[in-house]
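Here's the structure we're looking at; comments come further down.
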Amino acid sequence: MLIVRTDKELERALEAKEKNFILEGPQAAQIVKKFQEAERKKRSARGWGIGVGILCLVAAPFTGGGSLLGLGATAGAVALSEGVILAIIGAVVSISVAAINAVKEYKIKKLEQDRILFSKK
């Protein structure tokens, strides 16, 4: 399996559409850390979202259904979106826009604190 350690190697692997490869080193550790921070925020947002969702449902009869619009806003805050994943990777490593867009074609899995597996979807 291909192992990449630098920004240039990562960029080449993404642009060459390698089937599977591992990113290891300080960039991988930073990406893992940022993913974990985003997951913590997602869990917090999910808790708040559920509470707000319940309040929207309870208030619906009194607001003529207007409070149900809040349900759509809370649903968008629950998932860690693809855009967030791309932004995290783009902020940590210096690679081309084409390479960052190629990340969409991969499943990303943390193997260790400083190792990430990229596998083609």
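The values are calculated or read from the model by the stated rules, or taken from the named source; none is laboratory data. On a predicted model such as this, the values are computed, not experimentally measured, just so you know. Methodologically, a virtual Cβ is constructed for each residue, glycine included, from the backbone with ideal geometry; neighbour enumeration extends over all protein chains shown. For the accessible areas, the whole protein counts, side chains as well, though only heavy atoms, and no ligand, DNA or RNA atoms are used. Shrake-Rupley method; radii C 1.70, N 1.55, O 1.52, S 1.80 Å.
Out of the range 2-38, which residues are part of a strand (DSSP E or B) and out of contact with any Ser or Thr (no Cβ under 7 Å at 6 or more places or on another chain)? Passing the criteria: LEU2, ILE3, VAL4, PHE21, ILE22, LEU23, GLU24. Can you find a residue in the range 72-82 that is at pLDDT 70 or above, exposed (fewer than 13 other Cβ atoms within 10 Å of the Cβ) and not in a helix (DSSP H, G or I)? Within the range 72-82 (the criterion being at pLDDT 70 or above, exposed (fewer than 13 other Cβ atoms within 10 Å of the Cβ) and not in a helix (DSSP H, G or I)), the answer is no, since none of the residues qualifies. Restricting the first member to the range 20-37 and to residues that are touching a residue at least 12 places away in the same chain (Cβ under 8 Å), and the second to residues that are open to solvent by 40 Å² or more (accessible area, probe 1.4 Å) and among the small types (Gly, Ala, Ser), the beta-carbon pairs closer than 8 Å and six or more apart or on different chains are LYS34/ALA91. Does any residue of the range 107-118 turn out to be out of contact with any Ser or Thr (no Cβ under 8 Å at 6 or more places or on another chain), part of a loop (DSSP other than H, G, I, E, B), modelled with pLDDT under 80 and within 30 Å of THR6 (Cβ to Cβ)? Within the range 107-118 (the criterion being out of contact with any Ser or Thr (no Cβ under 8 Å at 6 or more places or on another chain), part of a loop (DSSP other than H, G, I, E, B), modelled with pLDDT under 80 and within 30 Å of THR6 (Cβ to Cβ)), the answer is no, since none of the residues qualifies.
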